[in-house]
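The structure under discussion appears below in the form of structure tokens.
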Amino acid sequence: MESDRYYQSATFFKNFEKCEAATVAQLNDIYKPDINQKALLVGNYLHSYFESHTAHENFIKQHEGDMFTKRGTLLKDYQVADSMIATLTDDPMFNNLYQGKKEAIVKGQIEGVNWKGKIDCLNLDRKIFLDLKTTREIDRKYWNEEKRMWQSFMDEYNYPLQMYVYQQLIYQQYGVMCTPYIIAVSKQEIPAKAVISIPKKRLAEAQEEIETLQPRFEKVKSGFEVPIRCGKCAYCRKTATLGEITSMENLIN
Ligand SMILES: [Zn+2]
């Protein structure tokens, strides 16, 4: 999308961190990542429910063809999504918390660069904003090879960075410093749920991360620096050529 070139977003920033070459190719429309369309659609189905009645109806109208089996029963993934919706809507704390403007678009600048974001639920009166996240299991551990430690899905997907950005953009647009919360719901047949806070220290780390990496990403984006290939992702594999012979000793490093 053209606006992805003009505005930085948490998604593209995280893509840059993973692989500069793939992200630049994507921004230049020469590469389209093969994302899990089905998982994305199920996520959108859930999000549309909490956006508004109309948004949900529209989603169903648009995707009816992909949501049902030939026999006319709802696909398993959507049945689970319905359970995920129900476990939240049946919960008094969720119903109390999840009040405010839905899908609020925010724009602003971070360190002189244009950023944009979309907040699932923004409540300026209460000075909070909430983001719905679906995940396999809320307490699942992910191995971080770089730090050589286990981490949660919150770290795995760097949600503190996204929440830091949203907090800053909300502040710039409305002059209100809001506290972020993640509403997590698991994709298990009987879904687990949690309201998750993010320590201030983690938001400060996210700020530092952006300040450190953003200048280079901007140069790469505008073509002043050559993007680095991660050598591992789908894009890098797709565009790789055999250049040298590898010793078996170096395969897993
Ligand atoms: Zn790559």
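The values are calculated or read from the model by the stated rules, or taken from the named source; none is laboratory data. The structure displayed is predicted, hence computed values, not measured ones. Here Cβ is always computed from backbone atoms with ideal geometry, including for glycine, and neighbour counts include all displayed protein chains. What goes into the accessible areas is simple: the full protein's heavy atoms, side chains included, and nothing from ligands, DNA or RNA. Shrake-Rupley method; radii C 1.70, N 1.55, O 1.52, S 1.80 Å.
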Open item on the list: Within the chain, which is the longest segment that contains none of the GluC sites (Glu not before Pro) sitting in a DSSP loop with at most 10 other Cβ atoms within 10 Å?
Closed with: 1-144
Open item on the list: Using a probe radius of 1.4 Å on heavy atoms only, what accessible surface per residue do you get for the chain? Whole Å² is fine.
Closed with: 62 Å²
Task: Sequence-distant residues sharing a close amide H with Ala194 (under 5 Å, placed H) - done: Ala184
Task: Those lysines that a straight Cα-Cα span of less than 19 Å connects to Lys18, excepting residues fewer than 8 apart in one chain - done: Lys32, Lys147, Lys219, Lys221, Lys232, Lys238
Open item on the list: Need the list of lysines near Lys102 for cross-linking: C-alpha distance under 26 angstrom, and skip anything on the same chain fewer than eight residues off.
Closed with: Lys14, Lys38, Lys61, Lys116, Lys118, Lys127, Lys133, Lys187, Lys193, Lys200
- [ ] Treating only the Cβ atoms of Lys and Arg (+1) and Asp and Glu (-1) as charged, compute the dipole magnitude of the chain about its Cα centre; round to the nearest 20 debye.
- [x] 120 debye
- [ ] Enumerate the amide H contacts of Phe68 below 5 Å, restricted to partners 5 or more residues apart or on another chain; note that Pro and chain-start residues carry no placed amide H.
- [x] Leu75
- [ ] Measure off, as a whole percent, the carbon and sulfur share of the 1.4 Å-probe accessible area of segment 2-238, all protein chains present.
- [x] 50 percent
Open item on the list: Strictly greater than 31 Å: what percent of every Cα pair in segment 2-238 meets that?
Closed with: 28 percent
Open item on the list: Using a 7 Å offset from the Cα along the Cα-to-Cβ direction at both Glu208 and Gln173, what is the distance between the two label points in nm, to one decimal?
Closed with: 2.9 nm
- [ ] Starting from the Cα-Cα distance between Glu218 and Gln79, subtract it from 0.36 nm times their residue separation and give me the gain in nm to one decimal.
- [x] 45.8 nm
Task: Extreme residue, positive dipole direction of the chain, given options Asn253, Gly43, Thr11 (C-beta unit charges) - done: Gly43
Task: Range in the chain, longest, excluding exposed trypsin sites (Lys or Arg not before Pro) [loop by DSSP; at most 14 other beta-carbon atoms within 10 Å] - done: 149-231
Task: For segment 84-218: rounded, prolate or oblate by the Cα gyration tensor [a/c cutoff 1.5] - done: oblate
Open item on the list: Just to verify a number: FRET efficiency for Arg140 and Asn96, C-beta to C-beta distance, R0 = 25 Å, to 0.05?
Closed with: 0.35
Open item on the list: If I take R0 = 45 Å and measure r between the Cβ atoms of Ile105 and Ser247 in this structure, what FRET efficiency does the formula 1/(1 + (r/R0)^6) give, to the nearest 0.05?
Closed with: 0.30
Open item on the list: Report the gain in length on full extension from Ile60 to Ile35: 0.36 nm times residue separation, minus Cα-Cα distance, nm rounded to one decimal.
Closed with: 6.9 nm
TODO: Mind checking the full-extension length gain between Lys238 and His53? Use 0.36 nm per residue of separation minus the Cα-Cα distance, one decimal, nm.
DONE: 62.4 nm
